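One structure below.
The values are calculated or read from the model by the stated rules, or taken from the named source; none is laboratory data. Computed from a prediction, not measured in an experiment: that's the story for all the values here. All Cβ positions, even for glycine, are placed from backbone atoms using ideal geometry, and neighbour counts span all protein chains on display. Heavy atoms of the whole protein, side chains included, go into the accessibility calculation; ligands, DNA and RNA do not. Shrake-Rupley method; radii C 1.70, N 1.55, O 1.52, S 1.80 Å.
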Amino acid sequence: MTTPAAGAAGLHAVVVAGARPNFIKVKPILDALEADGARTSLVHTGQHYDDAMSGVFFGDLGLRPPDHHLEAGSGSHAVQTAAVMTAFEPLLRRLAPDVVVVVGDVNSTLACALVAAKENVPVAHVEAGLRSGDRTMPEEINRIVTDRLSDLLFASSPDGVDHLLAEGAAAESVHLAGNVMVDTLLACRERARRRPVLAELGVRPGGYGLVTLHRPSNVDDPAVLDGLLAALGEIARRCPLVFPVHPRTAGSLAGRLPDGVRTLGPVGYLDCVALQTGARLVLTDSGGIQEESTALGVPCLTLRETTERPLTVTEGTNRVVGCSPAAIVAAALEILDRPPPPRCPTLWDGHAGERISAVLGRAVPRRGVPAARSTTGCDTASPVRS
Ligand code: UD1
Ligand code: UDP
């Protein structure tokens, strides 16, 4: 019998990224796996493809070009998910890796997890267990199904662990690993600080608010979007707003912008971190920006009825304010007058990628080589729970 290698040596991991937040999440996982001696294949599904939604992140993050590109592109949920699956299946057969690592909750995440599960390749889901409780969100469906299909479940917060166990996941498959998005944030914060984006936009630190909106429930319905824009206009009378616009939102905004709200195209990662760092408050429906603003200690209002990231509320600077214009304006004015104190969840320490790699190295059997131990228990990756 061959002795399993130490660390992740001998492991071949396919790591999947397809949409903007995925690029940010895979970087620390790739780095840690490679540092531990694993072979990695980076697959870009092509869900996002504009330079501003994809290419810029490779430069900003120092991410190597993808080893494989599936060029799935845009479409309805079924069309896009099927396009990713159709292209990923033959590639996966050819690569025959030991494990497929998927991150987050986008269509590419679900599509690649489903293909891998049916090819009997172990699936590791990073950012497992997040639940908004709102199945009208496409991401909630993607989260639930991806978690059900996954062999290794890496939660970023204790509530994620609780959801997974409550839904029947085996305890030994669940690992509280921390937050890979925060790994990247901490690694890039200093470089972001040197970006000239604030000066280029004519704003100064603490002198503006940052807005991002792209949830279909907020931007696809003109009546909802009009209400949100009216609220932004009111807030902008007290504090000018900078609004990098997601392509889903761009078409809906034409001619509707209130005074005091400055729009620009989607910004690169370093500029986005710089803009968050300098903001007096953040108004967003983004999952990642709820987390980043908490990690940066910047007040955040989430313009949604729910969050799948409650830790940003209970241990951070986030407040879920809903979509009523009056409630949004009242909460924003309150923050401008009395900002909440900065605080950050303990396990968001910049080392999630390393914990994930350690578990993968230990738990994933190499093809043709038996594993030392097939699983390691939900406390193994968790300094908090050990
Ligand atoms: C997707 C994810 C969402 C995530 C977001 C991150 C799903 C179901 N949704 O939403 O969870 O928060 O990415 O930003 O996976 N488009 C472009 N250029 C691009 C990409 C998209 O113009 O590079 C336009 C297309 O018109 C496309 C639309 O944006 O139809 C929506 O793109 P899509 O990937 O389907 O969903 P997102 O809204 O980006
Ligand atoms: N982001 C960015 N440029 C932008 C808006 C967001 O670089 O114009 C970054 C942001 O800092 C975070 C990630 O993209 O790291 C969040 O992605 P997004 O809001 O698109 O998706 P979500 O997190 O809601 O799935």
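What to note about this one:
- The range 234-252 - residue that is out of contact with any strand residue (DSSP E or B) (no Cβ under 7 Å at 6 or more places or on another chain) and assigned to a helix (DSSP H, G or I) and, of those, farthest from residue 325 (Cα to Cα): 247
- Just so you know, in the range 274-306 the residues that are within 16 Å of ligand 1 (Cβ to nearest atom) and in a loop (DSSP other than H, G, I, E, B) include one that is surrounded by the most Cβ atoms within 10 Å (Cβ to Cβ), and it is 303.
- Taking first residues from the range 135-152 that are free of Cβ contacts under 8 Å to residues at least 40 places away in the same chain and partners that are open to solvent by less than 50 Å² (accessible area, probe 1.4 Å) and within 14 Å of ligand 2 (Cβ to nearest atom), the Cβ contacts under 7 Å between residues at least 6 apart in sequence or on separate chains come to 142/105; 142/106; 142/107; 142/109; 142/110; 145/110.
- Here residue 309 passes the criteria (1) crowded, with 16+ Cβ neighbours inside 10 Å; (2) more than 10 Å from ligand 2 (Cβ to nearest atom); (3) farther than 20 Å from residue 243 by Cβ except the one numbered (2).
- The residue that is farthest from residue 106 (Cα to Cα), counting only those in the range 42-60 that are more than 12 Å from ligand 1 (Cβ to nearest atom) and open to solvent by less than 10 Å² (accessible area, probe 1.4 Å), is 42.
- Selected residue (criterion: most open to solvent (accessible area, probe 1.4 Å)) from residues of the range 127-141 that are under 20 Å from residue 311 (Cβ atoms) and within 15 Å of ligand 1 (Cβ to nearest atom): 134
- Residue within the range 71-94 that is in contact with a His (Cβ under 8 Å, 6 or more places away or on another chain) and away from ligand 2 (no atom under 16 Å from the Cβ) present: yes
- Residues in the range 199-213 that are touching a residue at least 12 places away in the same chain (Cβ under 8 Å) and touching a strand residue (DSSP E or B) at 6+ places or on another chain (Cβ under 9 Å): 201, 203, 208, 209, 210, 211, 212, 213.
- Unmet requirement for residue 265, which otherwise passes all of (1) without any contact (Cβ under 8 Å) to a residue 40 or more places away in the chain; (2) surrounded by fewer than 20 Cβ atoms within 10 Å (Cβ to Cβ): (1)
- For residue 263, the conditions (1) in a helix (DSSP H, G or I); (2) of a type in the set (Ser, Thr, Tyr); (3) under 14 Å from residue 213 (Cα atoms) all hold with the exception of (1).
- Taken over the range 84-104, the residue count meeting the criterion of being without any contact (Cβ under 8 Å) to a residue 40 or more places away in the chain and closer than 23 Å to residue 24 by Cα is 1.
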